[in-house]
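Values in this text are rule-based calculations from the coordinates and carry no lab data. Predicted, not measured: the structure shown is a model, and the values here were computed from it. Cβ coordinates were reconstructed from backbone atoms using ideal geometry, including for glycine residues, and neighbour counts include every protein chain displayed.
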């Protein structure tokens with residue numbers, strides 16, 4: 001895709017009400033995401049931006065507010081027990097390198113820093129996620145085939 005065409009697409013996105021545009025052509029693929037004026041200069045996932053805005057509206061209803069507090073508490077609790085290995089990307093979590101294969105790690109497994117501990121599939125690409133600390137796996141926080149977010153804890157290593 002030539003530079004003039006790319007600039008035209010960027011201008012169209014910035015002047016329109018859309019927040020994201022993805023175009024695939026024979027010579028490549030382009031994805032343009034409009035920056036949020038409040039967080040200019042910082043890439044922020046859209047659900048994280050929308051969640052704080054939705055929280056005041058749901059605070060009037062006790063069940064959703066209670067559910068939001070319960071969902072936030074477990075994310076903080078595991079970190080106190082050890083080191084949390086977090087997802088470096090959005091994708092689908094897999095414990096093994098092939099369907100029906102042996103899991104790369106189990107609870108109680110000793111891992112070394114740099115050793116593969118799971119796979120995250122993102123955009124049809126299988127990405128090996130490596131342990132960022134040596135130790136023993138004490139918790140596996142995701143189910144096989146579960147969608148994971150950027151920064152979501154996957155394992156606890158002590």
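A simple spin-label model places the labels of residue 123 and residue 22 0.8 nm from each other, with each point 7 Å out along Cα-to-Cβ.
How much length would be gained if the chain were fully extended between residue 138 and residue 113, taking 0.36 nm per residue of separation minus their Cα-Cα distance, in nm to one decimal? If you can, show how the numbers build up before the last one.
Details: separation 25, 0.36 × 25 = 9.00 nm, distance 1.54 nm.
The span from residue 138 to residue 113 would gain 7.5 nm if fully extended.
As a calculated quantity, the FRET efficiency between residue 30 and residue 130 at R0 = 22 Å, using C-beta atoms, amounts to about 0.15.
Report, to two decimal places, the Cα Rg of region 81-158 normalised by 2.2 N^0.38 Å (N = number of residues). Present the calculation step by step, with values, prior to reporting the outcome.
Details: Rg = 11.3 Å, N = 78, 2.2 N^0.38 = 11.5 Å.
Against the empirical 2.2 N^0.38 Å value, I get 0.98 for region 81-158.
Kindly put 155, 93 in sequence by how many other C-beta atoms sit within 10 Å of each C-beta, fewest to most.
Numbers: 155 26, 93 21.
With the fewest neighbours first, 155, 93 line up as 93, 155.
With both labels modelled 7 Å from their Cα along Cα-to-Cβ, the residue 158 to residue 8 distance reads 6.2 nm.
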